[in-house]
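**Q** Before anything else, here's the structure in question.
The values are calculated or read from the model by the stated rules, or taken from the named source; none is laboratory data. The model shown is predicted, which means the values in this text are computed figures rather than measured ones. Don't worry about glycine lacking a Cβ; one is built from the backbone with ideal geometry, like all the others, and counts go over all protein chains shown.
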Amino acid sequence: MNTRNVAVANEKGGVGKTVTVINLGAALAAMGKKVLVVDMDPQANATKGLGVAVTEDMLTTYDIIKNHKSPVIDQAIVPTAWDGLELLPADADLAGADIELVNEYGRENRLKRALTGIGDTYDFIVMDTPPSLSLLTVNVFAFASEVLVPCQTHPYAYDALENLFDTIEVVQDEINAGLEVKGIVPTFFDQRTRVSHEILEKLKTDQRYRELICESIIRINTTIAESANAGMPIMHFRRSSSGAADYQALAEELAGQGRSFSLNVRQRIHLRGPRLPAAFRWSSSRPRQKYDINCSRDSGLIRTPFFSFGKPGPQGQIKGL
């Protein structure tokens, strides 16, 4: 079985990232695929949205990235109420992982080491990420083979895409050269409003993104929120809804039964030229360092307020903690 590791990511919150993880996972499972949802967001909304209540005796993604051993993975994965759909749950403890792992070797590969041990058990591993750039997000990108980007049809969400793509490009260069953006999924599309149509048109005509726009569009639908509140994927909550139809179409597109789409970030046309987000820009006042054995190439170290891709430094060198 050739497992596809899909990160669902956007550095902006409120764009439909978690509901996409829940409902895409459920739709793929309904197609007969074996699916594991990995909740790497400390808010744990994907866990709640799949009807799982974490108890004190359960292991979570926090335990996984702290221990990163296969026996722990086997104990942490739990079934859901729906055939073919399993969950690696999260809870609020995950919020402390960024600080706890900041001086650990190979901290950006903790999730990869743990999940590699489960072999080819699943057709899809669909991973939720925090709505920010953090060590948790980088762990997901280090393991993922592809990224799916939900983008609300709103001006602020459109503007946030550039920083996300810059982040992915850095990850490609430094720790996961095989990572690809699989597609941008327009979400919360309201056909009654002019702004939704304008943003969708901008996405489809922008030379940086137009080749990545999915054919499947997630329309605004109150039933999606109702299903999340009920702890159920929308296709099991109300199969006749437009939200269920939209996520089923997205699952078929992703699984290859619809249009095939993917792009390496390096193929983008940078209308403003190549640019790194401020967090990644190297200060010339400090010498560049070499990678440790956990990194793939012997080149410069990049530091951010949250993590670096090389050897950990003294606590005082990490800004923002």
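**Q** Check whether at least one residue in the stretch 151-163 is of a type in the set (Val, Ile, Thr), surrounded by fewer than 21 Cβ atoms within 10 Å (Cβ to Cβ), without any contact (Cβ under 8 Å) to a residue 60 or more places away in the chain and not in a helix (DSSP H, G or I), and report yes or no.
**A** Just the residues of the stretch 151-163 that are of a type in the set (Val, Ile, Thr), to begin with: 153.
Now narrow it down to the ones that are surrounded by fewer than 21 Cβ atoms within 10 Å (Cβ to Cβ): none.
The answer is no; no qualifying residue exists.
**Q** Take GLU104 and tell me if it is of a type outside the set (Lys, Arg), in contact (Cβ under 8 Å) with a residue 40 or more places away in the chain and either in contact with an Asp or Glu (Cβ under 6 Å, 6 or more places away or on another chain) or in a loop (DSSP other than H, G, I, E, B) (or both).
**A** Spelling it out, GLU104 is indeed of a type outside the set (Lys, Arg), in contact (Cβ under 8 Å) with a residue 40 or more places away in the chain and either in contact with an Asp or Glu (Cβ under 6 Å, 6 or more places away or on another chain) or in a loop (DSSP other than H, G, I, E, B) (or both).
**Q** Another question about this same structure. One residue is enough: does the stretch 210-232 have a residue meeting the conditions out of contact with any Gly (no Cβ under 9 Å at 6 or more places or on another chain), crowded, with 18+ Cβ neighbours inside 10 Å and of a type outside the set (A, V, I, L, M, F, W, C)?
**A** no
**Q** Which of the residues that make up the stretch 10-27 are among the small types (Gly, Ala, Ser) and modelled with pLDDT under 95? I'd like the intermediate steps shown before the answer.
**A** As a first pass, look at the stretch 10-27 and keep what is among the small types (Gly, Ala, Ser): 13-14, 16, 25-27.
The answer is GLY13, GLY14, GLY16.
**Q** Can you list the strands (runs of 3 or more DSSP E) found entirely within the stretch 1-95 that contain at least 3 residues being within 28 Å of HIS154 (Cβ to Cβ)?
**A** 4-8, 35-39
**Q** Okay, next question. Is there a residue in the stretch 112-134 that is in a helix (DSSP H, G or I) and closer than 18 Å to LYS34 by Cβ?
**A** yes
**Q** Quickly run through the stretch 1-33 and pick out the residues that are among the small types (Gly, Ala, Ser) and within 10 Å of MET127 (Cα to Cα).
**A** Those that are among the small types (Gly, Ala, Ser) and within 10 Å of MET127 (Cα to Cα): ALA7, ALA9, GLY25.
**Q** All but one of (1) within 19 Å of the chain's Cα centre (by Cα); (2) touching a residue at least 40 places away in the same chain (Cβ under 8 Å); (3) within 14 Å of LEU115 (Cα to Cα) hold for ASN67; which doesn't?
**A** Against the list (1) within 19 Å of the chain's Cα centre (by Cα); (2) touching a residue at least 40 places away in the same chain (Cβ under 8 Å); (3) within 14 Å of LEU115 (Cα to Cα), ASN67 comes up short only on (1).
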